[in-house]
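Below you'll find the structure, written out as structure tokens, and then a few comments.
The values are calculated or read from the model by the stated rules, or taken from the named source; none is laboratory data. Everything quoted here is computed from the prediction, not taken from an experiment. Cβ coordinates were reconstructed from backbone atoms using ideal geometry, including for glycine residues, and neighbour counts include every protein chain displayed. The area values use the complete protein model at the heavy-atom level, side chains included, leaving out ligands, DNA and RNA. Shrake-Rupley method; radii C 1.70, N 1.55, O 1.52, S 1.80 Å.
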Amino acid sequence: MQIPPSLLAIWLLQVTMVQAALNSTTACGQSINSPRIVGGQPASDGSWPWQVSIVKNNYHTCGGSLIAEQWVLSAAHCFSESTYFDKYEVLLGAYKLSNLSNNAAFSNVKRIYLYPDFNGETDLIGDIALLQLSTPVKFTNYILPVCLPDSSVQFPANADCWVTGWGNIQNGVGLLYPATLQEVKVPLISRESCNALYNSALTHGLGMNPVETGMICAGYPEGGKDSCQGDSGGPLVCQLKGSWTQAGVVSWGIGCAQPRMPGVYTSVPSYAKWIEATMNGGFQKAPAVTLLLAALAQALL
């Protein structure tokens, strides 16, 4: 049967649109290297392609994670002045901050969104922020997004997860030249168990049960491995169905890697709906492309 030219033209246009959608859709939570901070070790270049450095006045101030081609997730306490977004840049694809490779790229910040109920002067509830980049980034093997969990996801206690960053390697001790990205494996700790640890430590200035709803903990009761100053805003990621998924955002702690004081993170599932609403559908999930392909195949039968 001969296909009319007009129908053929429409079909070719649909195929082109689907192909463009496929090219723009990149699987999240993948990296070119598998993994092997305080108590951590240098990461392999390309192991954590969603890790970014938040740069202010040419200095690394906080970490963050790329979650879509124009969006970065970080901690609200990193941004005392969210309206002055032009003071910040995002460094993507970096490995050694003092010796940038050709894989690294800077991106300007268009806008910073802090969680509406965040009040860093009184507590760190809602310690989460979104940075909208000025232009979409180009994905490479060294610049890729991490997966985000739905609000219903519950990461199991004792799950082995990883935290990464360019923060201090001890309390008050900065990362030495050339400032290579660090990684450390830490198990998740339930909020109840974490509060029990902090309550037993009798930390001055902290009330009872300081780990509140919307927070999670990771680390070891005996200490020794932890995130530290300068890691704030960075990702805590866990394997979920074969992809790296962000469970937490580095938020707060007492010192670094102290016994009975594990690191406290903002729980990403707790703020999944706010993230999605703020992005206003700024990313496209792979199933949407799958449905489009299925619909096109059906139309051509």
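The table below gives the values:
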| read-out | value |
| --- | --- |
| Which numbered condition Ser200 fails, given (1) under 25 Å from Gly93 (Cα atoms); (2) among the polar types (S, T, N, Q); (3) open to solvent by less than 60 Å² (accessible area, probe 1.4 Å); (4) touching a Lys or Arg at 6+ places or on another chain (Cβ under 9 Å) | (1) |
| Selection within the stretch 163-174 - open to solvent by 10 Å² or more (accessible area, probe 1.4 Å), under 14 Å from Thr61 (Cα atoms) and within 21 Å of the chain's Cα centre (by Cα) | Trp166, Asn168 |
| Which numbered condition Gln30 misses (of (1) modelled with pLDDT of 65 or more; (2) among the polar types (S, T, N, Q); (3) out of contact with any Leu (no Cβ under 7 Å at 6 or more places or on another chain); (4) open to solvent by 40 Å² or more (accessible area, probe 1.4 Å)) | (3) |
| All positions within the stretch 221-273 that are out of contact with any Asp or Glu (no Cβ under 8 Å at 6 or more places or on another chain), at pLDDT below 90 and among the aliphatic types (A, V, I, L, M) | Ile254, Met261 |
| Hits in the stretch 203-247 - residues which are among the polar types (S, T, N, Q), open to solvent by less than 70 Å² (accessible area, probe 1.4 Å) and in contact with a Cys (Cβ under 9 Å, 6 or more places away or on another chain) | Ser227, Ser232, Ser243, Thr245, Gln246 |
